[in-house]
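Beneath this line is the structure, given in structure tokens, with notes to follow.
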Amino acid sequence: MKNLEDKVVWITGASSGIGEALTRHLSTFNCKLILSARREEELERVKKECQGNHDKIAVLPLDLAHADTLAEKAKAAEAFFGQIDVLINNGGISQRGTAEETVMEVDRRVMEVNFFGAIALTKHTLPGMIARKSGHQVIVTSVMGKYSTQLRSAYCASKHALHGFYNAMRSEVYEHNVNVTIVAPGFIQTNIAYHALKASGEQLKKKGGSQETGISAESCAKQIVRVIQNDQDEVIIAGFKENFGWFMSRFFPGIFRRIIRKMNVT
């Protein structure tokens, strides 16, 4: 099992939800943490509420939608503690709306944040890991990267793209002793649905029923840390419903398609 003490862990989406829970949990491992998200004041709040030595926690605001700024952000992250040992690409945005009604600006923004923002940070941190022959790239996707449901066409597309990219990259970096882990959560108790983009581009501002009954962010975070410690390639962290959906989509795709047409997944 990997020892995370004094490892430098960079977490995106650290101001709320899974990212915040990961930060709190990892702070008990005596790691050196770099917290990133758009809202600096929320990152500072999370830092203050962490356990351990706050001198080992740095705050680095960024916006994944602005890919042209991420090279400088990666340099700034490495400057805090000298290197990045583990990158947890957790930041992202969701979407609700039919494919027909969703404007292209929403499709592009979801892809820019969820896919291009994530792989940009990977591309900027990977060379250092390869040079040191040590490192871990962790991408938090979704079970929607394994199968798709209604009203999430852009979101599902971005998550499927992440699976394709990181599965390919895993084989490329294996010889350099760089690990790649894909984490696919199901419904987790976060505000991701509240902040999701509607077809018009406005925020949904409505809590999702499935999220409300899902796994707690704290439980999800603890499972993710165990997955990192064990260098697992891929894991689904989800309840029975989401795991059943994955099983049906893989082994009985025709039946799954008929079921999913009738489901109201909020």
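I need the full set of residues from segment 91-103 which are β-branched (Val, Ile, Thr) and either assigned to a helix (DSSP H, G or I) or closer than 18 Å to VAL183 by Cα (or both), in order please. I'd like the intermediate steps shown before the answer.
Narrowing segment 91-103 to residues β-branched (Val, Ile, Thr): 93, 98, 102-103.
Residue satisfying the conditions is ILE93 alone.
Total residues in segment 13-47 satisfying the condition of being in a loop (DSSP other than H, G, I, E, B), over 16 Å from the mean Cα position of the chain (by Cα) and either crowded, with 19+ Cβ neighbours inside 10 Å or at positive phi (or both): the figure is 2. In the set (1) assigned to a helix (DSSP H, G or I); (2) out of contact with any Lys or Arg (no Cβ under 8 Å at 6 or more places or on another chain); (3) crowded, with 20+ Cβ neighbours inside 10 Å, ILE88 fails one condition alone, (1). For ARG132, the conditions (1) of a type in the set (Lys, Arg); (2) at pLDDT 95 or above; (3) more than 22 Å from ILE34 (Cβ to Cβ) are fulfilled apart from (3). Checked against (1) closer than 25 Å to ASN177 by Cα; (2) out of contact with any helix residue (DSSP H, G or I) (no Cβ under 9 Å at 6 or more places or on another chain); (3) not β-branched (Val, Ile, Thr), LEU22 passes all but a single condition, namely (2). Return yes when VAL106 is in a strand (DSSP E or B) and within 16 Å of GLY92 (Cα to Cα) and no when it is not. Here the answer is no, as VAL106 does not meet what is asked. Considering segment 48-58, the residues that are touching a helix residue (DSSP H, G or I) at 6+ places or on another chain (Cβ under 6 Å) and modelled with pLDDT of 95 or more include one that is surrounded by the fewest Cβ atoms within 10 Å (Cβ to Cβ), namely ALA58. Evaluate the following for GLN83: is it closer than 23 Å to SER15 by Cα, touching a residue at least 60 places away in the same chain (Cβ under 8 Å), assigned to a loop (DSSP other than H, G, I, E, B) and not charged (D, E, K, R)? Against the criterion (closer than 23 Å to SER15 by Cα, touching a residue at least 60 places away in the same chain (Cβ under 8 Å), assigned to a loop (DSSP other than H, G, I, E, B) and not charged (D, E, K, R)), GLN83 qualifies.
Can you name the residue in segment 119-147 that is touching a residue at least 60 places away in the same chain (Cβ under 8 Å) and farther than 14 Å from VAL178 by Cα and is also surrounded by the fewest Cβ atoms within 10 Å (Cβ to Cβ) among such residues? Before you say what the answer is, go through the steps one by one.
The initial filter retains those residues of segment 119-147 that are touching a residue at least 60 places away in the same chain (Cβ under 8 Å), namely 121, 125, 136, 138, 140, 143, 146-147.
With farther than 14 Å from VAL178 by Cα added as a condition, the list becomes 121, 140, 143, 146-147.
On the way: LEU121: 28, VAL140: 28, VAL143: 24, LYS146: 23, TYR147: 19.
Applying the filter and picking the extreme gives TYR147.
So is ASN179 crowded, with 16+ Cβ neighbours inside 10 Å and polar (S, T, N, Q) or not? Give the steps one after another, and end with the answer.
Working: crowded, with 16+ Cβ neighbours inside 10 Å: yes; polar (S, T, N, Q): yes.
Taking the combined requirement at face value, the residue satisfies it.
Of the residues in segment 61-80, none is closer than 15 Å to ILE224 by Cβ and among the hydroxyl-bearing types (Ser, Thr, Tyr). Cβ separations smaller than 6 Å between residues 6+ apart or across chains give the following pairs from segment 158-178 residues that are outside any helix (DSSP H, G or I) to residues that are buried (at least 17 other Cβ atoms within 10 Å of the Cβ) and modelled with pLDDT of 95 or more: VAL178/MET129; VAL178/GLY135. Looking only at residues that are in contact (Cβ under 8 Å) with a residue 24 or more places away in the chain and either of a type in the set (Phe, Trp, Tyr) or part of a helix (DSSP H, G or I) (or both) in segment 48-74, which one is nearest to ASP6 (Cα to Cα)? Applying the filter and picking the extreme gives LYS56.
The values are calculated or read from the model by the stated rules, or taken from the named source; none is laboratory data. Here the structure is a predicted model, which is why all the values come from computation and not from measurement. No Cβ is skipped: glycine too gets one built from the backbone with ideal geometry, and neighbour counts run over all protein chains shown.
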